[in-house]
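The values are calculated or read from the model by the stated rules, or taken from the named source; none is laboratory data. These numbers were taken from a predicted model, which means no experiment stands behind them. Quick reminder, even Gly has a Cβ in these numbers, built from the backbone with ideal geometry, and neighbours come from all protein chains shown.
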Ligand code: SF4
């Protein structure tokens, strides 16, 4: 679609809102809703909430209405919002860089057990997400979070969402540089800043010096990737315009080298271009990736330098090593000789009870620091060598494995039909069934593998970049009596990966499996790979 007139680009003078979301944002900034929750809605309860706040501005503080229990995926598109939702909320806590102290994690755990039926999800953007939250409890929850330096500001909405970083940032033995300080500076300066609270759509950031590239810089709106510049100085390579969903695009390098002290300004410049030039007519066309696709990286860099920074950035090198399978699971030596113990969850699901026990464990056997990961896991830092195995043992008892099978290590899932109003299928439970079946049937499987289970085409769990990506659909399935009925199913995407050979998974015509068939299907595909693979050949290639 052509850029310019008619796309609602503010910088070209088109300020008149072109859709209801844009009108809502113009009429009342999402950041203002917090005070209404405190002053009004906690007292009126769910039924007193203005619909524009309820299904729109609440997201600016991490609140989504929750899907009513038991509504099948086939009904998602035909029900009115009030029929689809119950009177509870999902609440997302932003954890920039995934950085937590044991005190913060203890509070996160206690909130889940007290207010969220002991459910806690670690998302693939390093957030903690609660379910079953009542509006009456939200101000109290915020108070508890704020007391330990956490909040839910701009955890959702058309805003700068949580900023990803490597869970080993600052301690990894093999990183290029520590991106933690610049991430903290950037988040402190701009999260909650009204200058960036009305973006065309969400804006995802990753800042990391990690040599494993575990923050997936290829699929964020803006990424700063640690590199060593021509003169030996460590800094960042700048990437822009990545994103998945229904029009997946990989981020593009601008070829510019960013010194650590310039990161916050460059971030504000990129985000400012998105705010000012981003497309605001159609929600489906509003992510930064569409502007980059139309402009190309050269024009984007030129506008950034000329209109937003006021000076040119030097050219810089590309990141050197970009593996396709990325995480920090297991017992890993830190650069200071202590150890990090990284563990998987059950496709992102854990509990407040488990989080509180991890907090205690980090205090008693580690140094009291924990990080969440972009693979829905968590890492306990600063563990003395003599305690590392004991930490791993203890994590196993909490359903968090530092010694996972290849399948457990590589399986993630989005929220799915259990709580998400957009979902077509159940995900976390399905993902665990697939993973456990494969563990049982293929105990000797020896290759890194990613299995990403998604409840709809929105790709919150990145089905296009997985070895085996499951995208939820509803399919008509023939019944015993010859009639047809809706059934949960998956469109399968195969061979997606990030890294040097980045490619989106291929969708083969007709390759759909019912949810019940998914473990059999995955086993067949993996056995086919084992039978035919050449020496050292990965699944994706
Ligand atoms: Fe919900 Fe779809 Fe995102 Fe899953 S991929 S969390 S079902 S919107």
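If you go through region 518-525 one residue at a time, do you hit one that is touching a residue at least 12 places away in the same chain (Cβ under 8 Å), under 27 Å from residue 122 (Cβ atoms), more than 16 Å from the ligand (Cβ to nearest atom) and assigned to a loop (DSSP other than H, G, I, E, B)? No, region 518-525 contains no residue that is touching a residue at least 12 places away in the same chain (Cβ under 8 Å), under 27 Å from residue 122 (Cβ atoms), more than 16 Å from the ligand (Cβ to nearest atom) and assigned to a loop (DSSP other than H, G, I, E, B). Between 463, 484, the distinction of being over 17 Å from the mean Cα position of the chain (by Cα) and either away from the ligand (no atom under 16 Å from the Cβ) or buried (at least 23 other Cβ atoms within 10 Å of the Cβ) (or both) belongs to 484 only. Would you point out the residue of region 120-156, among those that are part of a strand (DSSP E or B) and touching a residue at least 60 places away in the same chain (Cβ under 8 Å), that is farthest from residue 40 (Cα to Cα)? Step by step, filter region 120-156, then rank; the result is 122.
Just to be sure before I move on: is residue 117 without any contact (Cβ under 8 Å) to a residue 24 or more places away in the chain and surrounded by fewer than 22 Cβ atoms within 10 Å (Cβ to Cβ) in the structure I sent? Answer is yes for this residue.
The residue of region 388-400 that is nearest to residue 167 (Cα to Cα), among those that are in contact (Cβ under 8 Å) with a residue 40 or more places away in the chain and either surrounded by fewer than 22 Cβ atoms within 10 Å (Cβ to Cβ) or within 16 Å of the ligand (Cβ to nearest atom) (or both), is 392. Give the residue that is farthest from residue 146 (Cα to Cα), with candidates limited to residues of region 34-56 that are in contact with a strand residue (DSSP E or B) (Cβ under 9 Å, 6 or more places away or on another chain) and in a helix (DSSP H, G or I). Only one residue tops the list, namely 47. The condition of being surrounded by fewer than 17 Cβ atoms within 10 Å (Cβ to Cβ), in contact with a strand residue (DSSP E or B) (Cβ under 9 Å, 6 or more places away or on another chain) and in a helix (DSSP H, G or I) holds for only one of 305, 298, that being 298.
Comparison of 446, 480, 520 shows that the only residue that is at pLDDT 95 or above and over 19 Å from residue 75 (Cα atoms) is 520. Among the criteria (1) within 16 Å of the ligand (Cβ to nearest atom); (2) part of a helix (DSSP H, G or I); (3) touching a strand residue (DSSP E or B) at 6+ places or on another chain (Cβ under 6 Å), the one residue 429 does not fulfil is (3).
Residues checked against (1) surrounded by 18 or more Cβ atoms within 10 Å (Cβ to Cβ); (2) free of Cβ contacts under 8 Å to residues at least 12 places away in the same chain; (3) closer than 30 Å to residue 199 by Cβ:
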| position | (1), (2), (3) |
| --- | --- |
| 310 | no, yes, yes |
| 327 | yes, no, yes |
| 359 | yes, no, no |
| 362 | yes, no, no |
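Taken together, the residues in region 369-387 that are part of a loop (DSSP other than H, G, I, E, B) and either buried (at least 21 other Cβ atoms within 10 Å of the Cβ) or within 16 Å of the ligand (Cβ to nearest atom) (or both) amount to 5. All conditions but one from (1) away from the ligand (no atom under 16 Å from the Cβ); (2) over 21 Å from the mean Cα position of the chain (by Cα); (3) over 23 Å from residue 121 (Cα atoms) apply to residue 403; the one that does not is (3). Only residues that are touching a residue at least 24 places away in the same chain (Cβ under 8 Å) and on the phi > 0 side of the Ramachandran plot: list them for region 18-74, please. Matches in region 18-74: 45, 62.
Of the residues making up region 468-514, those that are in contact with a strand residue (DSSP E or B) (Cβ under 7 Å, 6 or more places away or on another chain), touching a residue at least 24 places away in the same chain (Cβ under 8 Å) and not in a strand (DSSP E or B) are 495, 496, 505. For region 406-424, the set of residues classified as within 8 Å of the ligand (Cβ to nearest atom), in a loop (DSSP other than H, G, I, E, B) and either crowded, with 24+ Cβ neighbours inside 10 Å or on the phi > 0 side of the Ramachandran plot (or both) consists of 414, 415, 423, 424, listed by residue number. The number of residues in region 436-456 that are more than 21 Å from the chain's Cα centre (by Cα) and within 16 Å of the ligand (Cβ to nearest atom) comes to 0.
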